[in-house]
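Here's the structure, in structure tokens; my notes come after.
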Amino acid sequence: FPSDKIRNFSIIAHVDHGKSTLADRLLELTGTIRKGHGQPQYLDKLQVERERGITVKAQTATMFHKHNFLGTETNFLLNLIDTPGHVDFSYEVSRSLKACQGVLLVVDAAQGVQAQTVANFYLAFEANLAIVPVINKIDQPTADPDRVKEQLKSMFDLDPDEALLTSAKTGLGLEHVLPAVIKRIPPPPGESTSPLRMLLLDSYYDEYRGVICHVAVVDGALRKGEKVASAATGQSYEVTDVGIMHPELIQTGILLTGQVGYIVSGMRSTKEARVGDTLYHTKIPVEPLPGFKPVKHMVFSGVYPADGSDFEALNNAIERLTCNDASVSVAKESSTALGLGFRCGFLGLLHMDVFHQRLEQEYGTHVISTVPTVPYIFEYSDGSKVHIQNPALLPSNPKQRITACWEPTVTATIITPSEYVGSIITLCAERRGEQLEYSFIDSQRAFMKYRLPLREVVVDFYNELKSITSGYASFDYEESDYKASDLVKLDILLNGQPVDAMATIVHRLKAPRVGRELVDKLKKFIDRQMFEIIIQAAIGSKVIARETVSAMRKNVLAKCYGGDVSRKRKLLEKQKEGKKRMKRVGSVDIPQEAFHELLKVS
Ligand code: GTP
């Protein structure tokens, strides 16, 4: 395929606007997958993705399409590069876009432009890509394509006449999509006679073949058997297999300029496959392609086995899972309360949830995860600075005075029906937000921009926003700077013993309320035991909230009168069963849910 017959494009959209459905229809239209066969939404592979209806890991597929080009029927090679739709994964979106020359910007005809439409539009716009607007779901009774056209014009200066109207569900208008891709998106610009320059887009681990890398050949060509080197590490690899995703891997033995495909090259772990790396022929070094944004971990949490003996199993599961998701950072840590475990860094809360869910579903491990934290910076009176990813590591009574601290912030975009503006302003004020922009995108919808501390966004912000706006507001954020703040460490003590895994860092003014809520939550979840349990929240040595769980009077066996052995055994079994998801901290048993509930206190 000469590169003028190639088009590389992505579909970008707000969550649920129909990106995956449209992708499936295009794959069907081109005969890449058979209609009604296989799983619905071919591009969404992971079980959690299907359950939650979100796209986590970007997948890519090559399609062949015959198109009447200047009067002759011509074969085109179209590479559809799937991108995830959720805010946590915007780094994956920008990564995928590097291999594209254009995008289909899908907008729901009833919902109109939403927060992630805005974020995705700017990613594509900044990357200088051709943008083909697609107004989807026009079959819905509430569809109002004209209003969406106006929004596209007023917000993005897109020509309303260029918008395609489709229903990925009924098939209406789909015949115009691929011709628009071919006409409006330019072919890849690379030089076929130049030395090989290849972009590493993504990688995953396959049990049988090892590490499989998705690549885009920018200049030159790659053949099976050739040696390639990584610009990032200097390591050299022999390419043992090369081909396209159709969407199954199909060997072609060669990838030419402008093509997107896969390679297998004897890498042992996906950690060697650095996304955004440039690969070139060993011995013919080239100028590396401009890099991608490096992965930034925004949320950290401790992950511990729910019953102490399972550390090895958890270790194995985490190792295997991170083989496939190099965007999670993992470091061993230990906690006096929870024993041996791991400190994991995630792109965001959803990413964290997905990771936990996969640990449970795919590896059958039960974990306790500690209250998520964002990365803070503290400065001591001797001028030294520490980065804190685990609140437990910040001394409760430091030897030196803390002279300054900083917390990460984000710029948040919220789009909402105008009647909810008041409640959103209140919510953002409670969350220590600073309003940056407030305008109307049409007669019914407001557009708001806020700078918010990341911590305030991480703790249940999205759920709260959904609930005060009946689900009508949409939300997206991008990372902003660190900002000076007045932060304190909040300890939780059980019978006078601090529980390191429950420590959090909060704003000084919020500490009394958060302390009170944490103590109340714990009281609800900790069952009465043989002795009294005192629950306290404290800043340094100052207790700011306190509750007591009174002692139980009888024990389980008291009813057995020593006689009935089988009944006694049954009761003990039952008690053991109940304990499975318990964690003994000091002498107190804490159920797994208690840890989980603490995540929701803001
Ligand atoms: P993410 O993968 O989470 O980004 O979502 P998505 O944008 O890929 O959306 P998806 O394709 O999963 O579609 C969301 C829902 O909208 C599904 O229930 C689809 O069946 C439905 N849907 C998609 N296209 C249409 C359409 O044209 N009309 C109607 N009525 N429903 C549609």
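The values are calculated or read from the model by the stated rules, or taken from the named source; none is laboratory data. Predicted model, so just to flag it, every value in this text is computed and none were measured. When we count neighbours, we look across all protein chains shown, and the Cβ atoms used for this are built from the backbone with ideal geometry, even at glycine. Surface areas here come from the heavy atoms of the whole protein model, side chains and all, with no ligands, DNA or RNA. Shrake-Rupley method; radii C 1.70, N 1.55, O 1.52, S 1.80 Å.
On the basis of being under 16 Å from the mean Cα position of the chain (by Cα) and modelled with pLDDT under 90, does L338 make the cut?
Details: under 16 Å from the mean Cα position of the chain (by Cα): no; modelled with pLDDT under 90: yes.
When the stated conditions are applied, L338 does not pass them.
Do we find a residue being within 21 Å of T30 (Cα to Cα), modelled with pLDDT under 95, of a type in the set (D, E, K, R) and buried (at least 22 other Cβ atoms within 10 Å of the Cβ) anywhere in the stretch 76-88?
Checked the stretch 76-88: at least one residue is within 21 Å of T30 (Cα to Cα), modelled with pLDDT under 95, of a type in the set (D, E, K, R) and buried (at least 22 other Cβ atoms within 10 Å of the Cβ).
Only one of V211, V181 is more than 16 Å from the ligand (Cβ to nearest atom) and touching a Lys or Arg at 6+ places or on another chain (Cβ under 6 Å). Can you tell me which?
V181
Quick one: what pairs do we get from the stretch 161-186, first residue on the phi > 0 side of the Ramachandran plot, second more than 16 Å from the ligand (Cβ to nearest atom) and at pLDDT below 95, C-beta under 6 Å, 6+ apart or different chains?
As it stands, the answer is none, since no pair meets every condition given.
Filter the stretch 111-141 down to residues that are free of Cβ contacts under 8 Å to residues at least 12 places away in the same chain and under 21 Å from A446 (Cα atoms), then give me how many there are. Talk me through it step by step, then tell me what you get.
Our first condition is that a residue be free of Cβ contacts under 8 Å to residues at least 12 places away in the same chain; within the stretch 111-141, this holds for 122, 126, 128, 141.
Of the ones still in play, those that are also under 21 Å from A446 (Cα atoms) are 122.
So the count comes out to 1.
Six or more apart or on different chains, Cβ under 7 Å: which pairs go from a residue in the stretch 92-110 that's over 24 Å from D219 (Cβ atoms) and small (G, A, S) to one that's open to solvent by 10 Å² or more (accessible area, probe 1.4 Å) and more than 13 Å from the ligand (Cβ to nearest atom)? Could you list them?
Taking only residues 6 or more apart or on different chains, the pairs are A109/D144; A110/D144.
Report the residue count in the stretch 322-343 for those that are among the basic types (K, R) and without any contact (Cβ under 8 Å) to a residue 40 or more places away in the chain.
1
For the stretch 248-255, check the following and say yes or no: at least one residue is surrounded by 20 or more Cβ atoms within 10 Å (Cβ to Cβ) and more than 26 Å from the chain's Cα centre (by Cα).
Within the stretch 248-255, one or more residues are surrounded by 20 or more Cβ atoms within 10 Å (Cβ to Cβ) and more than 26 Å from the chain's Cα centre (by Cα).
Is the stretch 270-281 home to any residue that is more than 14 Å from M198 (Cβ to Cβ), crowded, with 18+ Cβ neighbours inside 10 Å and not β-branched (V, I, T)?
Yes.
Any idea which residue in the stretch 138-178 is surrounded by the most Cβ atoms within 10 Å (Cβ to Cβ), counting only those that are more than 27 Å from F76 (Cβ to Cβ) and within 16 Å of the ligand (Cβ to nearest atom)?
Among those that are more than 27 Å from F76 (Cβ to Cβ) and within 16 Å of the ligand (Cβ to nearest atom), it is V148.
Listed residues A503, A446; which is among the small types (G, A, S) and within 20 Å of L393 (Cα to Cα)?
None of the other options fit; the residue is A503.
Just to confirm my filter: which strands (runs of 3 or more DSSP E) fall fully inside the stretch 324-414 and include at least 3 residues that are of a type outside the set (V, I, T) and open to solvent by 10 Å² or more (accessible area, probe 1.4 Å)? Show your work before the answer.
Values: elements: 329-335, 339-346, 367-369, 376-380, 385-388.
It comes to 329-335, 339-346.
Taking the options Q536, Q497, Q529, name whichever one is of a type outside the set (D, E, K, R), open to solvent by 70 Å² or more (accessible area, probe 1.4 Å) and farther than 30 Å from L436 by Cβ. Full working, then the answer.
Numbers: Q536 fails: open to solvent by 70 Å² or more (accessible area, probe 1.4 Å); Q529 fails: open to solvent by 70 Å² or more (accessible area, probe 1.4 Å).
Testing whether each residue is of a type outside the set (D, E, K, R), open to solvent by 70 Å² or more (accessible area, probe 1.4 Å) and farther than 30 Å from L436 by Cβ leaves just Q497.
Would you call A130 within 10 Å of the ligand (Cβ to nearest atom) and hydrophobic (A, V, I, L, M, F, W, C)?
no
Being in a strand (DSSP E or B), more than 6 Å from the ligand (Cβ to nearest atom) and either closer than 16 Å to D108 by Cα or open to solvent by 10 Å² or more (accessible area, probe 1.4 Å) (or both) is the filter here; which residues of the stretch 8-30 pass it? Reasoning before the result, please.
Step one: of the stretch 8-30, the residues in a strand (DSSP E or B) are 8-13.
Then keep just the ones that are more than 6 Å from the ligand (Cβ to nearest atom); that gives 8-12.
Of everything in the stretch 8-30, those that are in a strand (DSSP E or B), more than 6 Å from the ligand (Cβ to nearest atom) and either closer than 16 Å to D108 by Cα or open to solvent by 10 Å² or more (accessible area, probe 1.4 Å) (or both) turn out to be I11, I12.
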